[in-house]
Amino acid sequence: MQFTDFLQNHQVILLFLIITLGYLFGRIKIWGFSFEATGILFVAMIFGNYGFTLLDEFQKMGLILFIYAIGLQAGPAIFNISRKQGLRINLLVIILLGSGALITYVSSYIWNIDMQLAIGLFAGAMTSTPGLASAQETTGSALTSTGYGVAYPFGVIGVILFIKLLPYIFKVDIRKEEEQENRKQRAGSQKVIHKHVRITSETLDGKTLGELNFSRMTGTVISRLKHDGEVRIPSPELQLHVGDVVRLVGEKSRIETAIPFMGEVTDEPIPTVQYFESRMFVVTNKDMVGKSIAELNLPAMYNVNITRIRRGGLEFTAEPDQRLNWGDRVRIAGDAAHMTAIRNLLGDEMKKIEYGDIFAIIAGILIGIGIGLIPFSLGKAISLNLGVTGGVLIAGIILSNRVKLGPIIWQVPMPIISLIRDLGLTMFLAVVGIKAGSEVITTVQQQGIKLILIGVVITLMPMIIITLIARFKYRIYLIEMVGMLSGGMTSTPGLAAGAGITESQAPLLMYATVYPFAMILMMIFVKILAVL
């Protein structure tokens, strides 16, 4: 009894104890999957059932940190997705989550389920912790986290089983789809040529490539230069002289425009200088963000290739249509002589990635809170504001796409974003779980089977609907579809299941594309359900 009183009177110790036990439980493998951070919710429910409580301030602080981190993480991906791809994929995600919200609303009406509880079922069935965060702030009810806890286990299992069964349902040859995808990517790559050009222009004599800003000005690259019989590797400090012969690389139209400016085409050979090297660079040049690997044309321009990309804990093989994000770690393999030029191209300023500005983070959150408090109207009947979650989310999305404003560097390195997100999530789950603990036993006893079955329907029906549309209307490859489903359901276990059925990187790429938009859209649908 004294120990119980001690924990209740020392809130920080109780908070850390619940989080620690929750993480230990969350890492236990059950039939091949684990609850991870969501284990904190279930452990907190047990404490709550025995009468423990935690301060609301822990929940508010955790919610703010968690949602702001989501905005920072999602912002670059949202602004850099291609228009054609984005419209189609995001439409499918809207249908996926929208049908889940509609099923939730209809189920609540037919079976007379409290909407606060139904919203929790929706978030749990879609395995969306951001959805739970938004729902909890909107409803303020312990029933919401109770519904989440009831629906979440099958939400995880259901996505895995559905993805595993897809190849058998549609009788798809995965290897054939992988070959078709590879052919499509090769067909979409750009044609790059090279010409040897003798410099005859007096205006270029003695000028360096840096002074001329050559690559930006002409849209081409000088990959090698021969001066007085000596082959030199281009750098910003390299001077051009009349009589030099350069190897000019780029698209045909660009080269044809640049040649008259420089001199004349020549058949004089330039010996190849090749020393193979493999290095890791970080994308911190804003001009490179959003560009596809095919657009960069690195093999033709610099005789190097991007072989791997590491982003937000995921590592995948680089493919032609993959677009670079700020903070991506890319492995470059090829001619060692061009590694300096690659560094200049990509940025590779590790300081921007490894160190965050705590003032910028706090100021960004404060801006978000201010945005959330601004009232606005929808017609004459509805007046509302975005609230804390909406405000800090919008601030995170916008500021994550600003390199700097005045002296403030707004972009936050991914490791720090992950730390903020996980810290906020653990605090939030501990408090909402302990609040739900006092309600969960009674709720499950009264209508447990009905709630579980409704959660099953909310999980499965949207996936069935979206699979049929994606497969028969848009002809999306199944290897892409499994990534879209796991991203739309914000299900990392689902991604693992999808990646396991193919050697292609398509599931990883689609998941990374869909996940940020799905997180934000889920929060919006929760808000809509709350006001219906």
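Test I520 against the criterion of being closer than 29 Å to I394 by Cα, at pLDDT 80 or above and assigned by TED's automatic domain parsing to the domain that holds A101, and give yes or no. So I520 passes the test. Scanning segment 276-301 for residues that are among the aromatic types (F, W, Y) and within 20 Å of E349 (Cα to Cα) returns a single hit, F281.
Among residues belonging to segment 6-31 that are assigned to a loop (DSSP other than H, G, I, E, B) and either without any contact (Cβ under 8 Å) to a residue 12 or more places away in the chain or of a type in the set (S, T, Y) (or both), point out the one that is farthest from G147 (Cα to Cα).
Result: H10.
Among the residues making up segment 357-386, those that are under 24 Å from the mean Cα position of the chain (by Cα) and at pLDDT below 80 are D357, L386.
Only residues that are surrounded by fewer than 24 Cβ atoms within 10 Å (Cβ to Cβ) and not in a helix (DSSP H, G or I) were counted across segment 94-138, and they come to 4. One residue alone among T307, T389 is modelled with pLDDT of 70 or more, of a type in the set (S, T, N, Q) and within 30 Å of Q59 (Cβ to Cβ), and that residue is T389.
Is it the case, given these coordinates, that I417 is at pLDDT below 75, outside any loop (DSSP other than H, G, I, E, B) and either surrounded by 22 or more Cβ atoms within 10 Å (Cβ to Cβ) or not aliphatic (A, V, I, L, M) (or both)?
Spelling it out, it is not the case that I417 is at pLDDT below 75, outside any loop (DSSP other than H, G, I, E, B) and either surrounded by 22 or more Cβ atoms within 10 Å (Cβ to Cβ) or not aliphatic (A, V, I, L, M) (or both).
The values are calculated or read from the model by the stated rules, or taken from the named source; none is laboratory data. All values reported here derive from a predicted model rather than from experimental measurement. Here Cβ is always computed from backbone atoms with ideal geometry, including for glycine, and neighbour counts include all displayed protein chains.
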